[in-house]
Each structure stands twice: as C-alpha cells, then as structure tokens.
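Just below is one structure, and these are the notes that go with it.
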Amino acid sequence: MAGKRVVVFPSSAELGPALAQLVTSRAEKAIGSRGRFTLGLSGGSLVSMLSKELLALPQLDCSKWVAGFCDERLVSFDDPESTYGLYKSHLFSKVNIPEGSILAIDSSLLVNDCAEDYTRKLKEAFPDDSVPVFDLLLLGMGPDGHTCSLFPGHPLLEETTKIVAPISDSPKPPPQRVTMTFPVVNSARCVAFVSTGGSKAPVLKDVLEGGEGPVLPAARVVPTSGELFWLVDDPAAASLTIQVERLSSGAKL
C-alpha cells in the first residue's frame with residue numbers, strides 16, 4: 001500500500017470541496033497516463049455531496065470518465081434506493097460523461113444473473129486486467145462497519161475469486177444487491193472513504209485503531225499498492241487517538 005492518510009475537516013461542508021479536488025486531480029493524472037479515468041461510486045450521502053461539489057467546478061470535463069458502482073441495490077432505476085438512479089438525476093444528466101461509459105447493473109435480472117452480467121461489463125471495460133483496477137473508488141461506511149455491500153460476519157468477506165458477488169440476505173434493506181469484492185477494492189490505484197457525523201465516531205475508532213471484536217469490513221480495505229484516504233469530519237473523528245491530518249476548505253490532497 002502506498003500509504004494511508006486520515007484527513008479531518010472541521011465539517012462536511014469543508015470536506016466536500018476537497019473530495020471534488022481529489023476526484024479531479026486523480027482524473028487528470030489517469031487521463032494523462034492512460035487516456036481515461038475509471039471511477040467507482042458508492043451511494044448514501046456521497047451522492048449529493050459529490051454531485052454538488054463536482055457541478056460547482058468550472059469547466060468540468062467528464063468525457064473521458066468511466067463510472068462504475070462499488071455496489072448496487074437490485075431495484076428499478078426509478079426507485080429512490082437505486083444508486084445509479086440517484087447519480088443519473090444528480091450528476092450524470094448534467095455532465096458530459098458518455099452514456100456508454102456508465103457501467104450499470106441490469107436491474108431486470110435475478111440477483112445471481114445480475115452479478116454475472118455486471119462481472120461481464122467490468123471485464124469488458126478492463127480487458128487488460130485479470131481483476132479490474134480502478135483509478136479511484138469512493139466508499140462509505142455504515143455504523144456497523146460495512147462498506148460496499150460487505151457486511152460484518154458475512155461469508156462474502158472471504159470471497160477471493162469473484163470480482164462481483166450477489167447478496168440476497170443483506171442485513172440492511174433492500175436485501176438483494178450486487179457488490180464488488182475485496183480483490184477489486186484492494187486492487188484500486190486509490191481508495192477514498194468519506195465518513196461524516198458523530199454517529200460514525202465509535203465505529204471509525206474501531207476501524208482505524210482496532211477494536212475488541214473481529215476486524216470490521218471497512219478495516220479490510222488495504223489497497224495492495226494504491227493510496228488509501230479516510231476523509232472525515234470533526235464529529236466522526238471525535239474518538240480518534242491516532243495522529244491525523246487536519247485540513248480546512250480549499251486544501252488539496
């Protein structure tokens with residue numbers, strides 16, 4: 001791993017612009033090196049934060065971006081639980097990312113078939129990689145320490161061969177989802193967690209400093225040779241005792 005940085009901002013309002021800057025700087029670097037930028041997206045509060053901050057940037061050019069999803073709920077795209085649907089209305093419809101460069105699930109399929117179909121789409125998008133290597137994955141973390149749709153104590157935590165796995169018994173609704181597995185997550189060139197709010201403070205301490213129980217899913221994100229960022233606000237960082245970086249709005253990562 002190239003190194004882990006835990007970066008604390010006074011508030012989520014100041015974290016947002018730094019997140020957008022991280023995305024665009026990694027995009028510029030990837031396009032300069034490989035001619036495109038591959039981005040894996042997560043849902044939840046990330047959708048509105050990322051969309052707002054990216055759309056506020058002058059001259060945002062997404063024409064060479066390829067966007068996939070770290071996990072997705074098996075619901076129709078017009079369902080408010082659909083991560084793709086939210087990004088489509090908040091971001092994709094307002095930028096110049098080509099429709100064919102958005103790697104979405106086929107929500108009409110059964111969950112196992114959906115995972116296989118999404119696997120095929122990723123392999124077609126990354127023909128030179130045995131495991132897809134994304135330039136940047138944006139991850140969230142639940143209050144139980146899950147990330148993607150990889151939940152504590154679930155057998156999928158030990159998956160090593162599939163790059164996308166189906167899950168039909170998610171402890172968090174909706175129960176049917178598809179998710180990237182750790183081999184893909186840990187192959188990324190850069191992974192950035194975004195975690196905000198005081199409700200995340202206990203689990204963030206557990207993930208970053210180690211707790212009494214089993215290692216939580218979010219703590220298993222350790223990129224093999226890529227960068228790892230934890231972008232958090234003061235309330236989420238309230239219980240941390242490790243050394244952190246403190247940045248304010250306008251800071252560059």
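Would you pick out the residues in the stretch 145-160 that are surrounded by fewer than 15 Cβ atoms within 10 Å (Cβ to Cβ), on the phi < 0 side of the Ramachandran plot and in contact (Cβ under 8 Å) with a residue 12 or more places away in the chain?
Thr160
Name the single residue, out of those in the stretch 146-175 being out of contact with any strand residue (DSSP E or B) (no Cβ under 9 Å at 6 or more places or on another chain) and among the charged types (D, E, K, R), that is nearest to Gly68 (Cα to Cα).
Residue satisfying both the conditions and the ranking: Lys162.
Per-residue answers, yes or no, for (1) under 18 Å from the mean Cα position of the chain (by Cα); (2) more than 17 Å from Phe37 (Cβ to Cβ); (3) among the basic types (Lys, Arg):
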| residue | (1), (2), (3) |
| --- | --- |
| Leu136 | yes, no, no |
| Gly142 | yes, yes, no |
| Gly145 | yes, yes, no |
| Cys148 | yes, yes, no |
| Phe151 | yes, yes, no |
| Pro155 | no, yes, no |
| Pro171 | no, yes, no |
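Have a look at Lys64, Lys88 and point out the one that is surrounded by fewer than 21 Cβ atoms within 10 Å (Cβ to Cβ), touching a strand residue (DSSP E or B) at 6+ places or on another chain (Cβ under 9 Å) and more than 24 Å from Gly32 (Cα to Cα).
Just a single option satisfies the conditions, and that option is Lys88.
Of all strands (runs of 3 or more DSSP E) completely enclosed by the stretch 28-136, which ones contain at least 2 residues that are of a type in the set (A, V, I, L, M) and either within 20 Å of Asn186 (Cα to Cα) or out of contact with any Cys (no Cβ under 9 Å at 6 or more places or on another chain) (or both)?
The qualifying strands (runs of 3 or more DSSP E) are 37-41, 65-69.
Of the conditions (1) charged (D, E, K, R); (2) out of contact with any Asp or Glu (no Cβ under 7 Å at 6 or more places or on another chain); (3) touching a residue at least 60 places away in the same chain (Cβ under 8 Å), Arg26 fails just one. Which one is it?
Failed condition: (2).
Which residue out of Glu81, Glu53 is surrounded by 14 or more Cβ atoms within 10 Å (Cβ to Cβ), in contact with a Pro (Cβ under 7 Å, 6 or more places away or on another chain) and without any contact (Cβ under 8 Å) to a residue 60 or more places away in the chain?
Glu53
Take the conditions in contact with a strand residue (DSSP E or B) (Cβ under 9 Å, 6 or more places away or on another chain), over 15 Å from Val222 (Cβ atoms) and not polar (S, T, N, Q) and apply them to Pro143. Does it pass?
The answer is no for Pro143.
Confirm whether Glu53 is closer than 19 Å to Ser12 by Cα and within 19 Å of the chain's Cα centre (by Cα).
yes
Which count do you get for residues in the stretch 97-135 that are crowded, with 17+ Cβ neighbours inside 10 Å and at pLDDT below 95?
Residues in the stretch 97-135 being crowded, with 17+ Cβ neighbours inside 10 Å and at pLDDT below 95: 0 in total.
Can you confirm whether the stretch 5-12 contains a residue that is surrounded by fewer than 22 Cβ atoms within 10 Å (Cβ to Cβ), within 25 Å of Asp71 (Cβ to Cβ) and small (Gly, Ala, Ser)?
yes
Filter the stretch 1-27 down to residues that are under 22 Å from Ser225 (Cα atoms) and under 17 Å from the mean Cα position of the chain (by Cα), then give me how many there are.
Residues in the stretch 1-27 being under 22 Å from Ser225 (Cα atoms) and under 17 Å from the mean Cα position of the chain (by Cα): 12 in total.
The values are calculated or read from the model by the stated rules, or taken from the named source; none is laboratory data. In this text, all values refer to a predicted model and were calculated from it rather than measured experimentally. Cβ sites come from the backbone with ideal geometry, for glycine too, and all protein chains shown count toward neighbours.
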